[in-house]
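The structure's right below; bear with me while I get my questions together.
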Amino acid sequence: MEKILNMTALEALLKGETLEEIKHTIDQFNQDVEAAITKLQRIESTDRNILRGVVQDMLAEGQEEKNLFLERLVLDLQPKHKNFPLLLASIKARIPVWIYGDTGSGKTTATELAAKSIGLPFRFISVCPTTNKSELFGYNDANGKYHSTAFREIFENGGVFLIDEIDNGNPSVLSVLNTSLANDQCSFPDGNIKRHPDAIFVAAANTIGRGADIRYVGRNALDATTLDRFVYVRMDIDENLEQALIGRAWDDAMLIDIDDDEKIDIDEWYKFVTNVRSVCQEIGINHIVSPRATIYGQRLIQIGLGKTNLREMCVWKGIRKTDREKIEENLVEDSIEPPPSPGNFDEDEVPF
């Protein structure tokens, strides 16, 4: 919206309008936007889908800028999970993200909406204990012809790929994803394929991937090297979203505001990560805090995330409450000096 407002003001300036006339143009623009938002807020979610189809038809007829703005409004006003901004920030930062929480909390819907919000294709697979490697990577038939998959499509051409029910999958099969999740190329049956810069991977689960609990008794413990490749976002049932799904009003003020979190610089972030790692080693808590925590944290800092969210997503990652309390009791956050110049990590040069 800000971009379009700036363009509106620039257009008025180029026409030779006075400052008073430009101010009037901007005021009129704001009034039009407020009127549009008021009308769209009264549109139920089912009707928004119809409206979206109409907008897409209008796009095919031209006037792209105006209609893309309307599409943006429709997406912005669609009811979302309260932690949706954290998922969206991770996807914008091109970081693999693990979303976990109660069944039916809207994890799949949120991921698809995030993909739409940044204009990328969305594909997914729901895995189970019998899911095999060929369902992810494809296979060559008896004639040597390669049969592709949704995962390959996104890996090569870009988009958001959701691995749904990942904690219900075979850990041995899922471990083959490790290279593709963090590196810029992957081996497929028909050869090594370079990863598209906009290939983004999301895992959805009921647990944090460390095995079954009292409610989700059939969930598997995944390899630590797989889990370490994700940042974590909790997505339990959001009653504000639940009300919207039955036609009641949705309060967008309930969305988490990443700008409200205390900001942190890379030096402070590095100190915290290395301090937690040292404490885990000293007191014998089995919790991995790898350099990915530092690297992913830097990318999210650039997106605008602050201290609390960074710690939850990149370091704590759903750790047991008792383990976290023991670590925090032993933390002395100023005890470790940062390196002379941590610099900017080049993701293409980091072998993780």
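The values are calculated or read from the model by the stated rules, or taken from the named source; none is laboratory data. These figures come from a predicted structure and were not determined experimentally. Every residue, glycine among them, receives a Cβ derived from its backbone with ideal geometry; neighbour counts consider all protein chains shown.
For segment 178-196, indicate whether the set of residues that are within 25 Å of residue 116 (Cβ to Cβ), out of contact with any Lys or Arg (no Cβ under 9 Å at 6 or more places or on another chain) and either modelled with pLDDT of 85 or more or not polar (S, T, N, Q) (or both) is non-empty.
Going residue by residue through segment 178-196, those that are within 25 Å of residue 116 (Cβ to Cβ) are 180-181, 195-196.
Now restrict to residues that are out of contact with any Lys or Arg (no Cβ under 9 Å at 6 or more places or on another chain): 195-196.
Filter once more, keeping what is either modelled with pLDDT of 85 or more or not polar (S, T, N, Q) (or both): 195-196.
Yes, segment 178-196 contains at least one residue that is within 25 Å of residue 116 (Cβ to Cβ), out of contact with any Lys or Arg (no Cβ under 9 Å at 6 or more places or on another chain) and either modelled with pLDDT of 85 or more or not polar (S, T, N, Q) (or both).
Looking at 319, 336, 327, which is the one that is farther than 30 Å from residue 194 by Cβ, outside any helix (DSSP H, G or I) and modelled with pLDDT of 90 or more?
Details: 336 fails: modelled with pLDDT of 90 or more; 327 fails: outside any helix (DSSP H, G or I).
Step by step, each of 319, 336, 327 is checked, and only 319 is farther than 30 Å from residue 194 by Cβ, outside any helix (DSSP H, G or I) and modelled with pLDDT of 90 or more.
Of (1) in a helix (DSSP H, G or I); (2) at pLDDT 90 or above; (3) aliphatic (A, V, I, L, M), residue 305 satisfies all except one. Which?
Going through the list (1) in a helix (DSSP H, G or I); (2) at pLDDT 90 or above; (3) aliphatic (A, V, I, L, M), residue 305 breaks only (1).
Looking at (1) assigned to a strand (DSSP E or B); (2) more than 17 Å from residue 97 (Cα to Cα), which is the only condition residue 160 fails?
(2)
From the list 214, 208, exactly one residue is in the same structural domain as residue 171 (by TED's automatic domain parsing) and touching a Phe, Trp or Tyr at 6+ places or on another chain (Cβ under 7 Å). Which is it? Don't jump to the end; show me each part of the working.
Working: 214 fails: touching a Phe, Trp or Tyr at 6+ places or on another chain (Cβ under 7 Å).
Of the residues listed, the single one that is in the same structural domain as residue 171 (by TED's automatic domain parsing) and touching a Phe, Trp or Tyr at 6+ places or on another chain (Cβ under 7 Å) is 208.
Turning to a different aspect of this structure: Return the only residue of 200, 193 being outside any loop (DSSP other than H, G, I, E, B), surrounded by fewer than 21 Cβ atoms within 10 Å (Cβ to Cβ) and of a type in the set (A, V, I, L, M, F, W, C).
The unique qualifying residue is 193.
I'm trying to understand the selection: among the residues of segment 212-240, which are over 21 Å from the mean Cα position of the chain (by Cα), assigned to a loop (DSSP other than H, G, I, E, B) and either touching a residue at least 40 places away in the same chain (Cβ under 8 Å) or loosely packed, with under 13 Cβ neighbours inside 10 Å (or both)?
213, 214, 215, 216, 217, 218, 219, 220, 223
Yes/no per residue for (1) over 18 Å from residue 207 (Cα atoms); (2) at pLDDT 95 or above; (3) in contact with a Phe, Trp or Tyr (Cβ under 8 Å, 6 or more places away or on another chain):
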{"site": "98", "(1), (2), (3)": "no, yes, yes"}
{"site": "101", "(1), (2), (3)": "no, no, no"}
{"site": "105", "(1), (2), (3)": "no, no, no"}
{"site": "131", "(1), (2), (3)": "yes, no, no"}
{"site": "144", "(1), (2), (3)": "yes, no, no"}
{"site": "160", "(1), (2), (3)": "yes, yes, yes"}
{"site": "164", "(1), (2), (3)": "no, yes, yes"}
{"site": "168", "(1), (2), (3)": "no, no, no"}
{"site": "171", "(1), (2), (3)": "no, no, no"}
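For segment 204-228, how many residues are acidic (Asp, Glu) and more than 14 Å from residue 100 (Cα to Cα)?
Step one: filter segment 204-228 for residues acidic (Asp, Glu), giving 213, 223, 228.
Then keep just the ones that are more than 14 Å from residue 100 (Cα to Cα); that gives 223, 228.
Going through segment 204-228 one residue at a time, the tally reaches 2.
Mind checking whether some residue in segment 156-169 is touching a residue at least 12 places away in the same chain (Cβ under 8 Å), over 20 Å from residue 230 (Cβ atoms) and surrounded by 13 or more Cβ atoms within 10 Å (Cβ to Cβ)? Show your work before the answer.
Here is the first cut: in segment 156-169, the residues touching a residue at least 12 places away in the same chain (Cβ under 8 Å) are 156-169.
Now drop any that are not over 20 Å from residue 230 (Cβ atoms), which leaves 156-157.
Filter once more, keeping what is surrounded by 13 or more Cβ atoms within 10 Å (Cβ to Cβ): 156.
Within segment 156-169 (the criterion being touching a residue at least 12 places away in the same chain (Cβ under 8 Å), over 20 Å from residue 230 (Cβ atoms) and surrounded by 13 or more Cβ atoms within 10 Å (Cβ to Cβ)), the answer is yes, since at least one residue qualifies.
In addition: Just to be sure before I move on: is residue 268 in the same structural domain as residue 101 (by TED's automatic domain parsing), among the charged types (D, E, K, R) and not in a loop (DSSP other than H, G, I, E, B) in the structure I sent?
Working: in the same structural domain as residue 101 (by TED's automatic domain parsing): no; among the charged types (D, E, K, R): yes; not in a loop (DSSP other than H, G, I, E, B): yes.
No, not satisfied.
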